[in-house]
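Everything below concerns the one structure shown next.
The values are calculated or read from the model by the stated rules, or taken from the named source; none is laboratory data. Keep in mind that what you see is a predicted model, and the values were worked out from it rather than measured. Neighbour counts are summed over all protein chains in view; Cβ atoms, including those assigned to glycine, are modelled from backbone coordinates with ideal geometry. Note: accessible area is taken over every heavy atom of the protein model, side chains too, but ligands, DNA and RNA are not part of it. Shrake-Rupley method; radii C 1.70, N 1.55, O 1.52, S 1.80 Å.
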Amino acid sequence: MNRCNRSGVLIGAGPIGGFEQAGEWKLDVRFTRKTLAERLRVLAKLKERIHISHLDALEFLKTKLPQGLRRKGVFVYLDPPYVEKGGRLYLNAYSEKNHRALADYICRQKTLPWLMSYDDAELIREIYAEKKVETQPIRYSLQNKRTAQELIISPHHVVMSGTDQHTIKASNPPS
């Protein structure tokens, strides 16, 4: 839904080109069919290893992941709702209490390799101060063309390298 709505906004924006696809831009302006088809083929090959859930992040982390040392065998990517504009952009925005509860839980994980992206907000910098926090430039092109940055957060045992494409490697955490 995000890739097909105006600037990724879900509430009140509607699909690019309108529901009748009569606008200047159509849904496929955000992707090429050939590229999308190739991505789907790659994902199809990995389908047994990919699990998607609509659970709240905390519920998912607590109930759906392996326990103990078996957590080393999974990799979790978290993309929580933005802090600053979450209420306008998402159907399920987080309160400060939700952001803090997620941080409290994920920061206590010793064996789980994880990575998350967030908007660059003071609250997030505060609650993840003990973790590795890097910035990733993002470009907006809807009305005002501008560049901003998102935060990429991980435990110190998850190594990211590269510039445009991040290669993520989870090494064994320190004992």
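Of everything listed in (1) open to solvent by less than 60 Å² (accessible area, probe 1.4 Å); (2) modelled with pLDDT of 90 or more, the single unmet condition for L89 is (2). When each of I16, I11 is tested for being in contact with a helix residue (DSSP H, G or I) (Cβ under 8 Å, 6 or more places away or on another chain), modelled with pLDDT under 75 and exposed (fewer than 13 other Cβ atoms within 10 Å of the Cβ), the lone residue that passes is I11. Any idea which residue in segment 64-78 is farthest from S117 (Cα to Cα), counting only those that are assigned to a loop (DSSP other than H, G, I, E, B) and open to solvent by 100 Å² or more (accessible area, probe 1.4 Å)? Ranking the candidates gives Q67 first. Among the numbered conditions (1) over 26 Å from V159 (Cβ atoms); (2) over 16 Å from the mean Cα position of the chain (by Cα); (3) aliphatic (A, V, I, L, M), the only one that L91 does not meet is (2).
Condition first: within 19 Å of L58 (Cβ to Cβ) and either modelled with pLDDT under 90 or not in a loop (DSSP other than H, G, I, E, B) (or both). Can you find one or more residues in segment 141-162 that meet it? Yes, some residue in segment 141-162 is within 19 Å of L58 (Cβ to Cβ) and either modelled with pLDDT under 90 or not in a loop (DSSP other than H, G, I, E, B) (or both).
Of the numbered criteria (1) more than 17 Å from the chain's Cα centre (by Cα); (2) assigned to a loop (DSSP other than H, G, I, E, B); (3) under 24 Å from A121 (Cα atoms), the one P81 fails is (1).
The set of residues in segment 92-105 being surrounded by 12 or more Cβ atoms within 10 Å (Cβ to Cβ) and assigned to a helix (DSSP H, G or I) consists of N98, H99, R100, A101, L102, A103, Y105.
When L61, L36, L40 are screened for being part of a helix (DSSP H, G or I) and open to solvent by 90 Å² or more (accessible area, probe 1.4 Å), only L40 passes. Residues in segment 19-33 that are assigned to a helix (DSSP H, G or I) and either surrounded by 10 or more Cβ atoms within 10 Å (Cβ to Cβ) or acidic (D, E) (or both) were compared, and the one that is nearest to the chain's Cα centre (by Cα) is R30.
Applying the criterion of being aliphatic (A, V, I, L, M) and not in a loop (DSSP other than H, G, I, E, B) to the residues of segment 43-58, the residue that is surrounded by the fewest Cβ atoms within 10 Å (Cβ to Cβ) is A44. Per the listing A57, A121, the residue uniquely of a type in the set (G, A, S), in contact with a helix residue (DSSP H, G or I) (Cβ under 7 Å, 6 or more places away or on another chain) and either in contact (Cβ under 8 Å) with a residue 24 or more places away in the chain or over 24 Å from V158 (Cα atoms) (or both) is A57.
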